[in-house]
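Before any comments, here is the structure.
The values are calculated or read from the model by the stated rules, or taken from the named source; none is laboratory data. It should be emphasised that the depicted structure is a prediction, and the values quoted were computed from it without experimental measurement. Cβ atoms come from the backbone with ideal geometry, glycine included; neighbour counts cover every protein chain shown.
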Amino acid sequence: MVWLLILICVLPVHANQHANPKVNSVVCRPDLPATHRHEIVERLREITGWRDLHFDKHGSLHSGGAHSGGSAMARELLAAAISGEQLLILEDASGRPDVAFCRVVEGRWIKDEASRPPAHIVLIDFADFTRVTGDRDALAAFNVGWGVLHEISHVVHDSLDPKHPGEVGNCEHLINRMRRECDLAERAEYFFTFYPGAQRSEFKTRYVRLAFKQPRSTTGKQRRLWLMWDATAVGGL
């Protein structure tokens, strides 16, 4: 039922999508708070270099045009999503136990489905990102912007996450190339692991950590970086 309500809310914006192919395909729900819209825009500006990237009054995302720095691959991915045939709806899922950071699910229209574009909902738990601590360079490479791009890549490129520990997966492999273009640390693996001793802890908290890597400027050897959070609060266990 959540998916159906989401698609009803964006109907006025996309009712004439086939008549007007210039209508953007990345939109936010009308009830997405302004602070969260601002956070998405600011993080995506940093990653893509598009300084004029913005949501219009209808909640539709626009790239702007000129860019300064940023990742060319991120711009390519976001441009493909904005101009694509699949509708991507950004929704605030803060506090939902079934969402750890970000997640994309398939949407379904309740009427005229055959004439509507395929739709996906990107669920964003903004609160989860505030619960992460760790190395500064790893934090810069893990925020709402990177989470949204990860889910968009699932839809645009049909890329997959890995099934086994120790792997990065096709989706994060692409996102890591974007991080490299931004001179940021790269994700070393997709799955988090329990912080040593946390799995057997008698406390309610269950601290986990996620590995990143970054070459040392002097030796070229990989520097290990870590992010950590309480998985009982964030979810994903």
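Worth a mention:
- The combined condition, being surrounded by fewer than 16 Cβ atoms within 10 Å (Cβ to Cβ) and touching a helix residue (DSSP H, G or I) at 6+ places or on another chain (Cβ under 6 Å), is fulfilled by Arg177.
- Residues within segment 47-56 that are buried (at least 21 other Cβ atoms within 10 Å of the Cβ) and not polar (S, T, N, Q), tallied: 3
- Residue match in segment 132-140 (condition: surrounded by fewer than 22 Cβ atoms within 10 Å (Cβ to Cβ), in a strand (DSSP E or B) and in contact with a strand residue (DSSP E or B) (Cβ under 8 Å, 6 or more places away or on another chain)): yes
- Checked against the criterion of being on the phi > 0 side of the Ramachandran plot and of a type in the set (A, V, I, L, M, F, W, C), the candidates Phe55, Phe126, Phe101 yield just one match: Phe101.
- Residues in segment 186-237 that are at pLDDT below 85 and either under 20 Å from Cys171 (Cβ atoms) or aromatic (Phe, Trp, Tyr) (or both): Tyr195, Phe203, Gly236.
- Among (1) of a type outside the set (Phe, Trp, Tyr); (2) modelled with pLDDT under 95; (3) surrounded by fewer than 16 Cβ atoms within 10 Å (Cβ to Cβ) - the single one Glu42 does not satisfy: (2)
- Tally, over segment 142-172, of residues that are in contact with a Phe, Trp or Tyr (Cβ under 9 Å, 6 or more places away or on another chain), of a type outside the set (Gly, Ala, Ser), without any contact (Cβ under 8 Å) to a residue 40 or more places away in the chain and in a loop (DSSP other than H, G, I, E, B): 6
- Count of segment 148-164 residues which are surrounded by 14 or more Cβ atoms within 10 Å (Cβ to Cβ) and among the acidic types (Asp, Glu): 2
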